[in-house]
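The values are calculated or read from the model by the stated rules, or taken from the named source; none is laboratory data. Treat the numbers as computed from the prediction; the structure is a model and nothing was measured. As a convention, Cβ positions derive from the backbone with ideal geometry for all residues, glycine included, and neighbour counts pool all protein chains shown.
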Amino acid sequence: MADLLSSVPMFSDVSPLRLGPLAAKLTSRTFSQAEVIFHQGDPGGQLHIVADGLVRISMVSPDGRESDIALLETGDCFGEMSVLDGELRSATAIAVAPTQTAVLSREAFLEFLRENAELAIQIMAILVWRLRATDEMLGDIVFLDAPARVARKLLELGRSYPATEKLLRRNGGPSQPGGSRQGRRMHP
C-alpha cells in the first residue's frame, strides 16, 4: 500500500519510510461497475485512493441535473475536501468500472498532517490548483456560449484521454481545433 500512496501526487514527496505507518492504516474497498461510492451530501469521514478501476465524480443540482466533474484513475484520490473540513460530501463518486480503493479515515489523515507539515503545504498547492481550475470553468460559463464550452471540454477530454479524440473522429466529429463550424469560431 505504501507504493500506492507514493503514486498519489500529495504523498509523492514523502519518504517511503514515513509513509509506512500511514499505509498500515489504509483499508481496501471494492465497488462494482455503476456502484455509488458516496453521494453528494453524505458525511465525509474517509479519503479514497483509486487502486484499480475508474471513478466518476459528479454534482447534482437541486432540480436534478447532473454534471460530471472528473474521471479518476489509478493513483488519483478523492474525498479529501470533506476529510479536511469535516463537512458533507460536495459531490457524488461512482465506480465507472469494477474499482478498488484504498481508504484512509479522517482521523488518521489529520494525525499524519499534524506530523508532516510539508504534506500540508503540498495539499494546499493541490487545492489551489483545483480552485484555479474552478475559476477557469466559471470564466468559461460567464464568457463563452454553450457550443464553445462544449467544444472546449471535448478538446480537454481529447488531450486527457487520447481515445476520446479517436472516438470522435470515428463518429464523424472534429479531429482538431477548427475542424467544425464551432471550432473555427473559437480558433480563427
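Some observations on this one:
Here's the yes/no breakdown for (1) in the same structural domain as residue 107 (by TED's automatic domain parsing); (2) within 17 Å of the chain's Cα centre (by Cα); (3) crowded, with 20+ Cβ neighbours inside 10 Å:
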{"residue": "11", "(1), (2), (3)": "yes, yes, yes"}
{"residue": "14", "(1), (2), (3)": "yes, no, no"}
{"residue": "27", "(1), (2), (3)": "yes, no, no"}
{"residue": "30", "(1), (2), (3)": "yes, no, no"}
{"residue": "39", "(1), (2), (3)": "yes, yes, no"}
{"residue": "60", "(1), (2), (3)": "yes, yes, no"}
{"residue": "81", "(1), (2), (3)": "yes, yes, no"}
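- Annotation note: Cβ proximity below 7 Å between a residue of region 6-20 that is farther than 19 Å from residue 125 by Cβ and a residue that is assigned to a helix (DSSP H, G or I) (sequence gap 6+ or interchain) occurs for 16/2; 16/6; 20/2.
- Being under 21 Å from residue 125 (Cβ atoms) and touching a residue at least 12 places away in the same chain (Cβ under 8 Å) is a property that does not hold for residue 60.
- Restricting region 101-115 to residues that are surrounded by fewer than 17 Cβ atoms within 10 Å (Cβ to Cβ) and not small (Gly, Ala, Ser), the residue that is nearest to residue 8 (Cα to Cα): 113
- Failed item, numbered, when residue 96 is tested on (1) within 17 Å of residue 34 (Cα to Cα); (2) touching a His at 6+ places or on another chain (Cβ under 9 Å): (2)
- Residue list for region 143-168, filter: more than 14 Å from residue 70 (Cβ to Cβ) and either at pLDDT 85 or above or among the basic types (Lys, Arg) (or both): 144, 145, 146, 147, 148, 149, 150, 151, 152, 159, 166
- Any chance residue 90 is surrounded by 14 or more Cβ atoms within 10 Å (Cβ to Cβ) and either in contact (Cβ under 8 Å) with a residue 40 or more places away in the chain or basic (Lys, Arg) (or both): yes
- Being surrounded by fewer than 16 Cβ atoms within 10 Å (Cβ to Cβ) and more than 14 Å from the chain's Cα centre (by Cα) is a description that does not apply to residue 73.
- Taken over region 109-148, residues that are touching a strand residue (DSSP E or B) at 6+ places or on another chain (Cβ under 9 Å) and over 28 Å from residue 34 (Cα atoms) amount to 1.
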